[in-house]
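Asker: My questions will all concern the structure given below.
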Amino acid sequence: MKFRNFKMVDYVVYGRGCFDQLDEILAPQRKADAPMVYLLDHHFENDEALKARIPVRGNDILINADVTHEPKTTYIDELSEMLKEKFGTVSGVIGIGGGSAMDLAKAVAIMMTNPGKAHDYQGWDLVKNPAVYKAGIPTLSGTGAEVSRTTVLTGPTRKLGMNSDFTPFNQIVLDPALIKNAPKNQRFYTGMDCFIHCIESLKGTFINEFSRSYGEKAQDLCEEVYLHKDEWDEESDEKLMMASFAGGMSIAYSQVGIAHTISYGLGYLLGTKHGIGNCIVFNHLHEYYPEGVETFHKMVAKNDIHIPEGITRGLTEEQFDTMINVSLGMVPLWENALGKDWQKIMTREKLRAIYEKL
Ligand code: ZN
């Protein structure tokens, strides 16, 4: 038995308004002539109030990160090559936004110090050199990207993260005030990503007390905000932010499961975003996670959210095969969900039938 030696985030600052401490936090990380690079989720492109609070000093640059699609390896290459050409090196990369902006920051920081192309590092423990300094600042909570050891990327042949000990952030800034303006639907889908992390972790075969202690707490927090509150308030932002953190800690020491494997197939083929993709899939997983799906349905109803259906209608044989291949390739996730003999349970036919329902 080999136990995972889990590399965690180095520093965490938490609290309403703590974003204003960023300048002070970054000061010791600054190297002469090497700028701080801020990758700001393009949804904030015109948010002058937020932009004015970002400590852009000297030759620092603020880039509007295009997160229309989840990060592609080609976009990582484009950004890191531009930065290398312009500055040689940088003091750090700071991602401000949802899961995509944070994953983008992690990947760009890694590519600043590693040769080749981003797709060379899609997989487990392939990154050779420590990244430049990197920090993550969520403006949307649920994905757990702030604590994860990976960065999910769509490459030429697969959707897979750079999973390595060099991937976690050096610093995260958890300021609940930053997530308060998230659009209702998006906040729900991303919050449900967290809820699904909890269910998949808690109901998986890899479960252990480390993961359970975080997963149960995160699930409680999700249910408090989405089921037991009538109005979204400041406390909801605080609870959801910590749910995301704890949910991420839970899966870090266990694994996600069926909704994630199937959702990755949708993401790869159709570009379906992670949060909504998980919701679309989880909606139909009653057979595997009966209690979780029942609670999910209650939360959907209570928050008056529409979960899309029929998104795989009219796809070709080849397209179904692509999704099935992407999904079945995620072996650890299936093993966690269904045990060592998962292939006997989840046949291609069975998986095809699930995809057809979505
Ligand atoms: Zn997820």
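Coordinate-derived values only; no laboratory data. In this text the structure is predicted, and so the values were computed from the model without any measurement. Note that we place each Cβ from the backbone using ideal geometry, even for glycine, and neighbour counts take in every protein chain shown.
Asker: Do you know which residues across segment 163-195 are in a helix (DSSP H, G or I) and surrounded by fewer than 20 Cβ atoms within 10 Å (Cβ to Cβ)?
Answerer: Listed by number, the residues that qualify are Ala177, Lys184, Asn185, Gln186.
Asker: I need the full set of residues from segment 280-307 which are outside any loop (DSSP other than H, G, I, E, B) and within 13 Å of Ile199 (Cα to Cα), in order please.
Answerer: Passing the criteria: Phe282, Pro290, Glu291, Gly292, Val293, Glu294, Thr295, Phe296.
Asker: Quick one: Ser141 ticks every box in (1) surrounded by 23 or more Cβ atoms within 10 Å (Cβ to Cβ); (2) touching a strand residue (DSSP E or B) at 6+ places or on another chain (Cβ under 9 Å); (3) without any contact (Cβ under 8 Å) to a residue 60 or more places away in the chain; (4) not β-branched (Val, Ile, Thr) bar one, so which box is it?
Answerer: (3)
Asker: Could we say that Ile94 is in contact with a Leu (Cβ under 9 Å, 6 or more places away or on another chain) and more than 16 Å from the ligand (Cβ to nearest atom) here?
Answerer: yes
Asker: For the subset of segment 308-330 comprising residues that are more than 16 Å from the ligand (Cβ to nearest atom) and of a type in the set (Val, Ile, Thr), which member is surrounded by the fewest Cβ atoms within 10 Å (Cβ to Cβ)? Talk me through it step by step, then tell me what you get.
Answerer: First, the residues of segment 308-330 that are more than 16 Å from the ligand (Cβ to nearest atom): 308-325, 328-329.
Now drop any that are not of a type in the set (Val, Ile, Thr), which leaves 311-312, 316, 322, 324.
Working: Ile311: 15, Thr312: 21, Thr316: 8, Thr322: 15, Ile324: 18.
So, considering only residues that are more than 16 Å from the ligand (Cβ to nearest atom) and of a type in the set (Val, Ile, Thr), the one surrounded by the fewest Cβ atoms within 10 Å (Cβ to Cβ) is Thr316.
Asker: Also, I was wondering about something else. Please count how many residues of segment 307-336 are under 30 Å from Glu231 (Cα atoms) and in contact (Cβ under 8 Å) with a residue 40 or more places away in the chain. Write out each step before concluding.
Answerer: Narrowing segment 307-336 to residues under 30 Å from Glu231 (Cα atoms): 307-309.
Remaining after also requiring in contact (Cβ under 8 Å) with a residue 40 or more places away in the chain: 309.
Of the residues in that region, 1 qualify.
Asker: Considering only residues that are under 22 Å from Gly277 (Cβ atoms), in a helix (DSSP H, G or I) and within 16 Å of the ligand (Cβ to nearest atom), which ones fall in segment 196-225?
Answerer: Residues satisfying the conditions are Ile196, His197, Cys198, Ile199, Glu200, Ser201, Leu202, Gly215, Ala218, Gln219, Cys222.
Asker: Looking at segment 129-162, which of the residues that are out of contact with any Pro (no Cβ under 8 Å at 6 or more places or on another chain), in a loop (DSSP other than H, G, I, E, B) and under 21 Å from Asn5 (Cβ atoms) is nearest to the ligand (Cβ to nearest atom)?
Answerer: Looking at residues that are out of contact with any Pro (no Cβ under 8 Å at 6 or more places or on another chain), in a loop (DSSP other than H, G, I, E, B) and under 21 Å from Asn5 (Cβ atoms), I get Gly144.
Asker: Only one of Val56, Val13, Val37 is hydrophobic (A, V, I, L, M, F, W, C) and either in a loop (DSSP other than H, G, I, E, B) or surrounded by fewer than 16 Cβ atoms within 10 Å (Cβ to Cβ) (or both); which?
Answerer: Going through Val56, Val13, Val37 in turn, the sole match is Val56.
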